[in-house]
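Structure record follows, encoded as structure tokens.
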Amino acid sequence: MAKVYFEKLSQLISDLEIESEVSRNIEIKHFFSGAALYANDVICASWSPGGLAFKLSESEVTKLLSSGKAKPLKYFDKGNIKAGYAMFENPESSKKAHLKNFFIKAIELVH
């Protein structure tokens, strides 16, 4: 299953031309049952059966969660919420411009 998400994430990053928009080195790797995007060897986004999650500023995460546009990230149903992440359950139905914006913000947060 991870291969499917690896391919989806790779294709989306390519389609959005993310590499030309950022100054950090990015790489996609297998991650649990999905795939993760790393910037300078630090995870900043992941796509798994639950959805597409982005590491964002606390204020942005709070705004997205309170508006209902995103859900908290949990790796397991009974697991803890992963702080600092906003997850979109149906990323294929999201506007590509919004996703691109979130990818760039997540990548830029990496030091």
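The values are calculated or read from the model by the stated rules, or taken from the named source; none is laboratory data. All values reported here derive from a predicted model rather than from experimental measurement. Note that each Cβ is placed from the backbone with ideal geometry, even for glycine, and that neighbours are counted across all protein chains shown. All accessible areas refer to the heavy atoms of the entire protein, side chains included, with ligands and DNA or RNA removed. Shrake-Rupley method; radii C 1.70, N 1.55, O 1.52, S 1.80 Å.
Restricted to strands (runs of 3 or more DSSP E) entirely inside the range 34-111, those with at least 1 residues that are among the polar types (S, T, N, Q) are 42-48. For the structure I just gave you, tell me whether Glu60 is among the acidic types (Asp, Glu) and at pLDDT 95 or above. Yes: the conditions hold for Glu60.
Evaluating Tyr5 against the criteria (1) over 16 Å from Phe102 (Cα atoms); (2) in a helix (DSSP H, G or I); (3) open to solvent by 50 Å² or more (accessible area, probe 1.4 Å); (4) touching a residue at least 12 places away in the same chain (Cβ under 8 Å) leaves one unmet condition, (3). Note on the range 95-106: among residues that are open to solvent by less than 80 Å² (accessible area, probe 1.4 Å) and touching a residue at least 24 places away in the same chain (Cβ under 8 Å), the one that is nearest to Ser23 (Cα to Cα) is Ile104.
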